[in-house]
Amino acid sequence: ELLVNQIAAGEVVERPASALKELLENSLDAGARSLSVELAEGGVRRMRVVDDGGGISREDLPLALARFATSKIATLADLERAATLGFRGEALASIGSVARLSLISRQADERNAWRIACEGGALTNVEPAALAAGTTVDVEELFYNTPARRKFLKSEATEFARCEEAFARIALSRPDCAFGLSHNGRRSAHYPPENLRARAARVIGDEFAEGAVDVRSEGAPVSLTGLVAAPGFTRASRDAQYLFVNGRFVRDKVVAHAIREAYADVLHHDRHPAYVLFLTMDPALVDVNVHPTKSEVRFRDSGSMHRFVFHALSRALAEPLA
Ligand code: ADP
Ligand code: MG
């Protein structure tokens with residue numbers, strides 16, 4: 001069981017940033033409105049995520065750390081229309097198999113919090129603990145028991161930069177939530193709940209946010225909303241390409257291509273534009289279960305998705321010119 005979890009961990013948690021992404025997604029799935037992250041030594045030495053979400057009951061704490069014991073999917077039909085970011089039920093079990101993990105949680109109607117820990121795959125008993133409503137996950141000494149993987153990690157600065165990027169993606173996807181990030185005791189980001197343009201100003205920069213063009217093609221079964229760079233904005237734009245499909249950050253060639261085509265067509269501009277775009281659709285139209293980290297998707301009909309994005313973006317880009 002430990003070995004199976006460690007193998008799964010290789011797919012889900014490659015490095016601190018991928019563990020952080022899973023923890024933040026769990027907090028959002030639990031309805032958190034405020035998420036705070038503390039990292040030490042690039043997230044390898046320690047990673048703590050504190051949220052104010054719905055919490056986990058005492059009985060469910062051991063299940064949260066058991067492989068495939070997700071609370072989110074009961075049937076194959078649920079999988080087809082998964083509205084949560086997580087649904088495989090392997091992230092916490094995987095992280096727990098390659099780090100010292102502790103989980104403290106309190107549901108709003110409980111008198112106290114409960115704590116469980118996992119070290120080398122073995123669970124402790126559930127003990128009472130002190131915590132405001134919500135959940136705190138502590139992950140220490142990532143890969144301490146898988147030295148080969150630990151050796152594969154890059155410098156502290158590089159691992160932290162990747163954590164920052166994972167954090168930025170999640171923070172951009174939910175401007176309505178508050179986020180905090182600190183590293184080695186120093187505050188690195190602090191975002192209040194705000195609108196997308198304000199959040200984009202903090203994450204991508206004022207220059208992008210001030211000139212960015214609104215995209216607003218809302219409808220059924222697909223809609224595209226968000227911000228795309230004004231034609232003049234070119235700084236570091238290749239890195240600032242954020243696409244969220246049903247709330248989840250993904251890289252997708254079909255959509256990226258449609259965006260470039262629209263820029264080329266309307267603005268005769270062939271650079272990689274910066275954008276923060278939300279593509280929302282009926283979950284039956286997209287398969288997110290392609291890759292363990294869910295960073296790739298497969299559209300049921302990629303041709304019509306390409307056309308939709310191209311037209312939505314062309315309209316948005318043409319508007320300021322009209
Ligand atoms: P998944 O997200 O795919 O269900 P995980 O291993 O990431 O699987 O989490 C296992 C379960 O633990 C979740 O289904 C959820 O019930 C619970 N859980 C994890 N993190 C939190 C959190 N921050 N708040 C509330 N429940 C959580
Ligand atoms: Mg999860």
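All of the numbers you see were taken from the coordinates with simple rules; none came from a lab. Only a predicted model underlies this, so the values are computations on that prediction, with no experimental measurement involved. As a convention, Cβ positions derive from the backbone with ideal geometry for all residues, glycine included, and neighbour counts pool all protein chains shown.
Quick look at the numbers
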{"quantity": "Compactness index (Cα Rg / 2.2 N^0.38 Å), the chain", "calculated": "1.03"}
{"quantity": "Under 17 Å from the Cα of Lys253 - aspartates and glutamates, other chains or at least 8 residues apart", "calculated": "Asp239, Glu261, Asp270, Asp287, Glu296, Asp301"}
{"quantity": "Dimensions in Å of region 164-322 - Rg and Dmax from alpha carbons", "calculated": "15.6, 50"}
{"quantity": "Distance between modelled label sites at Arg111 and Thr158, nm, 7 Å Cα→Cβ extension", "calculated": "5.2 nm"}
{"quantity": "Helix-only mean residue ellipticity at 222 nm for the chain, each DSSP H run of n ≥ 4 adding -39500 (n - 2.57), per residue, nearest 500", "calculated": "-10000 deg cm²/dmol"}
{"quantity": "Ratio of the Cα radius of gyration of region 94-234 to 2.2 N^0.38 Å, where N counts its residues", "calculated": "1.39"}
{"quantity": "Eligible aspartates and glutamates near Lys294 by straight Cα distance, threshold 18 Å, same-chain separation 8 or greater", "calculated": "Glu11, Glu14, Glu22, Glu25, Asp29, Asp78, Glu80, Glu90, Glu165, Asp252, Asp282"}
{"quantity": "Gaussian network model of the chain, springs between alpha carbon atoms under 10 Å - residue of Leu172, Leu131, Leu23 with greatest fluctuation", "calculated": "Leu131"}
